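S.K.: Below is a structure I'd like to ask you about.
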Amino acid sequence: MNEGNMNGRNVDGEKVHVFDKSLVMVSFIVSAFTAVLGPLLIWVLKKDDDPATGEALRHVVNFGLSYTIYMFIAWLTSFILIGLIIGPIITIAFYVFLIIGAIQANDGKVYKPPFTLDIIK
């Protein structure tokens, strides 16, 4: 839960979502190695256990899917040299947002990374 605080507020009185933050954090970390498959498997197995955890895990899956699509587009455009520029930028952004997501999940906050498409509703 939220560091023993059952009312959904952290020490500063800020409202946070109560979900299995360790599972969401692990899902962000697994996405560093398996972009889509690891978080998708965790989401499929745990989405019905808790709605808040399912929602947070859905954001992680959509994040992996979105950035996989962006990298595929970068690969396609590498033939006209644009992908050689945007590919590394997308890769760096993926890992930066992944680290931010893991930290936010550890703090008990639901994080939807920038440029994430809502593919799975």
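Nothing in this text is a laboratory measurement; each read-out follows from the coordinates by a stated rule. Bear in mind that the values here come from a model prediction, so they are computed numbers and not experimental data. Because the Cβ atoms are built from the backbone with ideal geometry, glycine has one as well, and the counts that use them run over all protein chains shown.
S.K.: For volume of the Cα convex hull per residue in Å³, the choices are (1) 96; (2) 138; (3) 240; which was calculated from the structure?
M.R.: So the calculated entry is the one marked (1).
S.K.: Membrane-span-like helices in the chain: DSSP H runs reaching 18 Å or more (Cα, own axis), mean Kyte hydropathy at least -0.5?
M.R.: Working: long enough: 21-34 (19 Å, 1.66); 51-77 (39 Å, 0.67); 83-106 (34 Å, 1.96).
Qualifying helices: 21-34, 51-77, 83-106.
S.K.: Return Asp20, Asp48, Asp107 ranked ascending by Cβ neighbour count within 10 Å, so the fewest neighbours appear first. Write out the running numbers ahead of the final one.
M.R.: On the way: Asp20 19, Asp48 9, Asp107 15.
Result, fewest neighbours first: Asp48, Asp107, Asp20.
S.K.: Compute the relative contact order of region 21-106 as a whole-number percentage, counting only Cα pairs closer than 8 Å that sit 6 or more residues apart in sequence.
M.R.: 38 percent.
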